[in-house]
Amino acid sequence: MMQQFLQMKEQAGDAILLFRCGDFYETFMDDAVITSRVCDITLTKRGISKGEPIPLAGVPYHAVQNYIYKLTRAGYRVAICEQMERPGKGKKVLKRELIRTITPGTIIDSDVVDGSENNYLAAIFDGGMNGWGLAYVDITTGEFRATAENSNRAWEMMLSELSKLAPSELLADRRLVEDKNFITPLRQHTSACVTPLHFQEFDPEQIQKLKLRIDTSDCTRLPTQDRRLCTSAAGAIVTYLADNQKETIAQLTQLSIYQRKSFLLIDRSTERNLELLSSQGEGGRRYTLLGAIDRTVTPMGARKIKHWMLRPLLDVPAIQARLDFVESLTAYPNERGDLRESLKSMSDIERIVGRTLFGNANARDLAALRSSLEQIEPVNRILGVESLNSSARAVLESEKILARTDEEAEPLLRDVPQIGGILDEVMELRELLAVAVVESPPLTVREGGMIREGYNEELDELRSIRKDGRGFIAALEESERKASGISSLKVAYNKVFGYYIEVTKTNIDKVPDRYICKQTLTNAERFITPELKEYEAKVLHAEDRIRDLEYELHQKLLEVVAGYAPRLKASAAQIAAIDVLQGFAECASRNNYNRPSIDDEDRIAIYEGRHPVLERSDAVDLFVPNDIELDPESRIIIITGPNMAGKSTYIRQVALIVLMAQMGCFVPAREANIGVVDRVFSRVGASDDLSRGRSTFMVEMCEAANILQESTPRSLVILDEIGRGTSTFDGVSLAWAMVEYLHQVKRKGVKTLFATHYHELAELENQLSRVKNYHVRVAEEGDTIRFLYRIEPGFSDHSYGIHVADLAGVPRKVTSRAREVLVDLEKSMARGQQQDGPDIQMSLFSLVDEPLRQKLAEVDMEQLSPRDAWDFLADLVKEAKG
Ligand code: ADP
Ligand code: MG
């Protein structure tokens, strides 16, 4: 067996080999050492190889998925070697084969892959001068997409796309992987396990060469160069799957092309700053936009809402269609409740179809699929409600519009049935599953018990033989008791002897001669009779045959289901969209959101807007709503105010409301008029990013550079305390220059909200026509202040830093001393202004230099000998050096 293992190991290459032995998968040698460490299981030793005991670690077969998951998460590849025959008598080494290799991007087991998450395998292709190609696949759902990028910032765009995608495995050319200029920035954008491939595997013709039945017609819309970029990356994916997990390729039916620019662009730092999917502080998901608006009840919806959140729409009719749907659902709370109930009892159709295509679905999956399909009818009925009907159809139609304008050809609703139902119930399949599969089938597919009575004639016959056989044996017990006069006589069954008759020692003398003794126990003896054995053969044979036949029938059902895969996937995609939208409606009614009005105007106007996450937080008693108006005349708004006044909250809420509106969600505002925005950027000054090894200020500037290069007059830019990571002079100057630049973009200026504590920036309002000052009001009450969280025109010339320190509980001694210093500072500032103009920051330095300056002022040059001058200078220098 060890020899067989070594052979397999050779084939498996650098993967950890899980070697099936009965009820265990064993790992040997180095693999065992790694497995025991990663999976935290005992390492044992067995046998001898080259004079050394062989390390061994085994995992039970029924729990293997968990171990595979742990190993792949730790970045290892895992090869599975199966026994290809049942253990029988006399055979020494069983036939074994490597059946597949599992990598982080190719896990398919439902128990370990989180239902609400996609698991992506991506491939990136460097087309040199032509740009970059990116393709990705989720083999659990069959989603397979590609995009090309050839702008002058293609590489940055790729990185940003990868960070949004968060693949668990990335395929890249070996030469790239060895290149620091590639791998270092890549590492900052993705934690994917990077798998190097030979460049030849990025073959644009691969799908054709492998004769795969994948519809690539979507690619033909692209210019040749871009098409090659896409198909090269996609080629690497299919090659990789073909080499490692052939079965999964059946999942891929269509390669869709998408373009980043058909969605509102959100890059990674913006996503993090706005805390869309994950929160920076504690509290996890609860304090994210997702946590605030995700009321989905199916795994399909849970994945879809994340997808939508990072890709809000630009197309006004498509957004309107979603909003229409949400609006009707808010108007019909009872129907919405029913809809939620129906959706709740749906299983993850996408992944069931995935497992079916892969061939490892069990009868429970089939039963779950059946009951999910049964729920489509009520869903259709609810969506058929008169006024819901038109909006529902519109939203589903809009997915079609989407498919066109966004070149995002989801296989959605190719044909919407006009009357009655909207979703495809796949009636034939539903009916088949209803007659074929029992109500609650077992997990295993080898033990029978899956197929319903009346579905297959042979099966019914075998079952009645089995039943009769059992009845016969029961009757036999009775008749043998009578015949022998032994009332305690039993007919029983065990694996070694099959059926036998057991008689206690006390009755042994009554046993008839025709009984053949098989075994003697302390208190009893066991016998068989020819008659018993004959029936046994029948029953056992029937049982074996039932198992095999049920397995065959089950496999056939899987094939049938696989044939319906495209229709099932289309229904699943619609269900996902409906789920997200009913969640939006739910959220709108619960949280008092309103429908935004969406158009193409160059304007954002929000009245009584709130922060969707903060308004629900326990930390806030009463959230104060605020307005905003951004239009061609007021492009850039500079918000000043003390710390803790609510600046950051205010500017973020504007960005969040815009994103929500363009996703098709109602918004936390009395009224919102949103002219569609093409990109949202959010930057926070002095946000540390030590984990990625870049200095704070560097990060800030990289991000700023990105905004300046990427933003258009249609964009919305949120800048929070930019310039704080460096000296005050640098900071103000940079912030100043950035505002000037943003003000000039395409002569229109970029819609910008700038929160800052640099009061100097308020001066910009006087110099640039489209800049407006706002401040957050605070109420001064004697020595303390009260935050009002109200945004008003004009700037605040007071930072109330010491007041805030007071509120925070900094000792009185410190704050009152700070007040003294402040008075001094303000005095010397006044002096500074007379002499050097309005540069208030100088005052800081003057205060420190004051004693030296004093001394210098007192010197009478006429009276100073060279010797005294030397001494005086030496003193000054000493003092200055402290
Ligand atoms: P700043 O950026 O001006 O320092 P933040 O926006 O971080 O202030 O807000 C500080 C705190 O003030 C928030 O954590 C929240 O508790 C409270 N706050 C902010 N805005 C509001 C508001 N509109 N209504 C009620 N409380 C608010
Ligand atoms: Mg702030």
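Being of a type outside the set (D, E, K, R), modelled with pLDDT of 90 or more, more than 26 Å from the chain's Cα centre (by Cα) and near ligand 2 (Cβ under 9 Å from one of its atoms) is the filter here, so list the residues in region 640-650 that pass it.
646, 648
Among the numbered criteria (1) open to solvent by 20 Å² or more (accessible area, probe 1.4 Å); (2) modelled with pLDDT under 85, which one does residue 227 miss?
Failing condition for residue 227: (2).
Closer than 17 Å to residue 289 by Cβ and open to solvent by 10 Å² or more (accessible area, probe 1.4 Å): which single residue out of 560, 624, 580, 620 fits that description?
Checking each option against the conditions leaves just 620.
Please enumerate the residues belonging to region 759-774 that are within 16 Å of ligand 1 (Cβ to nearest atom) and either touching a Gly at 6+ places or on another chain (Cβ under 7 Å) or basic (Lys, Arg) (or both).
Within region 759-774, just 773 meets the criteria.
Look through region 734-773, keep the residues that are among the aromatic types (Phe, Trp, Tyr) and surrounded by fewer than 24 Cβ atoms within 10 Å (Cβ to Cβ), and return whichever of them is nearest to residue 605 (Cα to Cα).
Checked region 734-773; the qualifying residue nearest to residue 605 (Cα to Cα) is 741.
Only one of these is closer than 29 Å to residue 246 by Cα, in a helix (DSSP H, G or I) and open to solvent by less than 30 Å² (accessible area, probe 1.4 Å): 302, 321. Name it.
Among 302, 321, only 302 is closer than 29 Å to residue 246 by Cα, in a helix (DSSP H, G or I) and open to solvent by less than 30 Å² (accessible area, probe 1.4 Å).
Would you check if residue 681 is modelled with pLDDT under 95, farther than 26 Å from residue 778 by Cα and more than 16 Å from ligand 1 (Cβ to nearest atom)?
So residue 681 passes the test.
Give the residue, chosen from 208, 188, 225, that is without any contact (Cβ under 8 Å) to a residue 40 or more places away in the chain, farther than 17 Å from residue 121 by Cβ and not charged (D, E, K, R).
208
Determine, yes or no, whether residue 765 is assigned to a strand (DSSP E or B), charged (D, E, K, R) and at pLDDT 80 or above.
It is false that residue 765 is assigned to a strand (DSSP E or B), charged (D, E, K, R) and at pLDDT 80 or above.
Would you be able to tell me the number of residues in region 627-663 that are touching a Gly at 6+ places or on another chain (Cβ under 6 Å), farther than 19 Å from residue 276 by Cα and near ligand 1 (Cβ under 8 Å from one of its atoms)?
Number of matching residues: 0.
Right, residue 712: modelled with pLDDT under 90, away from ligand 1 (no atom under 16 Å from the Cβ) and open to solvent by 20 Å² or more (accessible area, probe 1.4 Å) or not?
no
Being more than 13 Å from ligand 1 (Cβ to nearest atom) and without any contact (Cβ under 8 Å) to a residue 60 or more places away in the chain narrows it down to one of 819, 786, so name that one.
Within the list 819, 786, the selection yields 819.
What's the total number of residues in region 94-116 that are surrounded by 11 or more Cβ atoms within 10 Å (Cβ to Cβ) and at pLDDT 80 or above?
So the answer is 13.
Could you tell me whether region 273-289 includes any residue that is of a type in the set (Lys, Arg), modelled with pLDDT under 90 and either open to solvent by less than 40 Å² (accessible area, probe 1.4 Å) or out of contact with any strand residue (DSSP E or B) (no Cβ under 8 Å at 6 or more places or on another chain) (or both)?
Yes, the conditions are met somewhere in region 273-289.
Can you tell which of 164, 180 is touching a residue at least 40 places away in the same chain (Cβ under 8 Å) and either surrounded by fewer than 23 Cβ atoms within 10 Å (Cβ to Cβ) or touching a Phe, Trp or Tyr at 6+ places or on another chain (Cβ under 9 Å) (or both)?
The unique qualifying residue is 164.
Would it be correct to say that residue 670 is more than 24 Å from residue 798 (Cβ to Cβ), at pLDDT 95 or above and open to solvent by 10 Å² or more (accessible area, probe 1.4 Å)?
When the stated conditions are applied, residue 670 passes them.
The values are calculated or read from the model by the stated rules, or taken from the named source; none is laboratory data. Note that the structure is predicted; figures quoted are calculated from it, not measured. Positions of Cβ are generated from backbone atoms using ideal geometry, with glycine treated the same way; all protein chains shown enter the neighbour counts. Protein only, heavy atoms only, side chains kept; ligands, DNA and RNA dropped before computing areas. Shrake-Rupley method; radii C 1.70, N 1.55, O 1.52, S 1.80 Å.
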